[in-house]
Amino acid sequence: EAIYRSLSLAFPDDPEIWWNILLCEYGIEYIEEGNRRVPTINRMKYDSIYAQTEYQTLISLADGAQKAIYEKAASEIEDLQKRLQEIIANEKEYDVFISFKDKNDETGERTDDSVLAQNIYEALTEAGYRVFFSRITLKRAIAQEFDPKIYAALSRASMMILVGCTKEHINSTWVMSEWSRYIKMMETD
């Protein structure tokens, strides 16, 4: 974000710089889901993206085609924010959130992390704890619901267990998103 803010001083009329500042403020990352890119929010904000000064600046600077692209992307982010807020409001509390890499990217097979995490899940649920374990908890959720449900569970979990047998698994996109969000929540709550 600091880099983009510095660039905005040198190039204040570039709407793309203002858009990237906005994405940084919300922690927006785009992930590949099938043949489309879907936004995920890593830094939940409760105020509307439309109310942000950066959004208003970039819209005033954008030409017609750019403006339409930014408005569509902002609408997707706004919708995601609303879904997150609804899910968070209705989510029950969890005692534990288990974060792990479920499948090997190359083979599609379960990772050792996944098997170990499931053993932990089974032991904790048997002991009476309410546990978020995506392999089971998200079984009936559709792909677009994953991120809001994960965010809601993270915000309602008393603790996180991070299961990782390799550095690559701990730093994989979804796992890193989970533990980095949880750390940010711990810092503010």
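Only one of these conditions is not met by SER158: (1) over 12 Å from the mean Cα position of the chain (by Cα); (2) over 10 Å from PHE97 (Cβ atoms); (3) surrounded by fewer than 17 Cβ atoms within 10 Å (Cβ to Cβ). Which number is it?
Failing condition for SER158: (2).
What number of residues within region 132-188 are farther than 17 Å from ILE120 by Cα, outside any helix (DSSP H, G or I) and of a type in the set (Ser, Thr, Tyr)?
The qualifying residues number 2.
Pick from region 42-58 the residues that are modelled with pLDDT of 75 or more and either within 12 Å of the chain's Cα centre (by Cα) or aromatic (Phe, Trp, Tyr) (or both): which of them is surrounded by the fewest Cβ atoms within 10 Å (Cβ to Cβ)?
Checking each candidate, the answer is TYR50.
Determine if region 17-29 includes at least one residue that is modelled with pLDDT of 85 or more, within 30 Å of SER158 (Cβ to Cβ), outside any loop (DSSP other than H, G, I, E, B) and in contact with a Pro (Cβ under 6 Å, 6 or more places away or on another chain).
Checked region 17-29: at least one residue is modelled with pLDDT of 85 or more, within 30 Å of SER158 (Cβ to Cβ), outside any loop (DSSP other than H, G, I, E, B) and in contact with a Pro (Cβ under 6 Å, 6 or more places away or on another chain).
Kindly list the number of the only condition in (1) surrounded by 13 or more Cβ atoms within 10 Å (Cβ to Cβ); (2) over 24 Å from ILE183 (Cβ atoms) that fails for ILE31.
(2)
Go through (1) of a type in the set (Ser, Thr, Tyr); (2) without any contact (Cβ under 8 Å) to a residue 60 or more places away in the chain; (3) under 18 Å from ASP79 (Cβ atoms); (4) outside any loop (DSSP other than H, G, I, E, B) for TYR46 and report which single condition fails.
If we test TYR46 against (1) of a type in the set (Ser, Thr, Tyr); (2) without any contact (Cβ under 8 Å) to a residue 60 or more places away in the chain; (3) under 18 Å from ASP79 (Cβ atoms); (4) outside any loop (DSSP other than H, G, I, E, B), just (4) comes out false.
State all residues of region 105-131 that are closer than 20 Å to ASN171 by Cα and modelled with pLDDT of 90 or more; if no residue qualifies, say none.
Selection gives THR107, GLU109, ARG110, THR111, ASP112, ASP113, SER114, VAL115, LEU116, ALA117, GLN118.
The values are calculated or read from the model by the stated rules, or taken from the named source; none is laboratory data. Everything quoted here is computed from the prediction, not taken from an experiment. Virtual Cβ from ideal backbone geometry, glycine too; neighbours counted across all protein chains shown.
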